[in-house]
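I have placed the structure first, in the form of structure tokens, so that the comments after it can refer back to it.
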Amino acid sequence: MLKDKIGMIFGVANKRSIAWACAAACAEHGAKQAFTYQGERLKENVEKLAGELPDSLVVPCDVTNQADVDAAFDAVKERYGRLDYLIHSIAFAPKEALEGEFVTTTREAFRTALEISAFSLTQVSLAAAPLMTEGGSIVTMTYYGAEKVVSNYNVMGVAKAALEASTRYLAADLGKQNIRVNAISAGPINTLSARGVKNMGTLLGYVGEKSPLKRNVTASEVGNTALFLVSDLASGITGENIHVDCGYNIMGI
């Protein structure tokens, strides 16, 4: 399905990461991929995981540093010559902003969350577009907290709402280059980043009970959806937000 395709993955922290599930699904179908990591703390994990896949590339990239972003895409161009898809799975807000009430969010926490979690999609899309010479696909990860209030999600919900709006505007801008941009709204998954949200265990239990499928979604199910979106099977889909949450989002009271 992805034989000879080149992808770039942002957001792998460890083997439980949604980004890794996406990368693994794409690799299984023939893709070669570049991986970024933010900070030396994550370098070893990412290198070890990427080493399990053929012809992979690992490059540092802190999206708050434009020079890092430029260098990462230059490395991809030098290694592979082009890019067919990009998966954006990065988000961050200070821990104290992910508990208590949203109204207490500080200016600095708001700026940080929006820059890293939302603006970075536009940032990497702009850098990726010139390498997608034969068209391409960009997929980002969002969450239901962008649409409805989720306790303790707070400023991250606002950032994800901005991310979802960015997906639509980017799809409109990049469509003329045959580049598709879509978002996956994954249900809660017990990842490293999710543990930063207070009472995540309670949320997992509630969603598992209330969703139509009576369980929580798995990272591999999200990865398979990303595989679909970056493949030619999804050639007519852009600007969409696809819920992969065992149906939780359709439920009312």
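With a point put 7 Å past each Cα toward its Cβ, work out how far ASN14 is from ASN190 in nm, to one decimal. Inter-label distance under the simple model: 1.2 nm. Stretching the chain fully between HIS29 and ASP173 yields a gain of 48.9 nm (0.36 nm per residue, less the alpha carbon separation). How much of the DSSP beta bridge set in the chain is antiparallel, as a percent to the nearest 5? Beta bridges within the chain, antiparallel portion: roughly 0 percent.
A simple spin-label model places the labels of ARG82 and GLU99 5.0 nm from each other, with each point 7 Å out along Cα-to-Cβ.
With 24 Å as the limit, the listed pairs LYS3/LYS214; LYS3/LYS160; LYS95/LYS214; LYS5/LYS77 have LYS3/LYS214; LYS3/LYS160; LYS95/LYS214 beyond it between alpha carbons. For the stretch 19-130, give the percent of accessible area contributed by carbon and sulfur heavy atoms, probe 1.4 Å, rounded to a whole number. Its accessible area is 52 percent carbon and sulfur atoms. Using the alpha-carbon positions of the chain, Rg (one decimal) and Dmax (whole number) come out as 17.2, 53 Å. Each principal axis of the Cα cloud of the stretch 107-253 was evaluated for its coordinate range; sorted largest first, these ranges are 45, 39, 27 Å.
The values are calculated or read from the model by the stated rules, or taken from the named source; none is laboratory data. Just so we're clear, the structure is a prediction, and the values are computed from it rather than from any experiment. Cβ: placed from backbone, ideal geometry, glycine included. Neighbour counts: every protein chain shown. Side chains included, ligands, DNA and RNA excluded: accessible areas come from the protein's heavy atoms. Shrake-Rupley method; radii C 1.70, N 1.55, O 1.52, S 1.80 Å.
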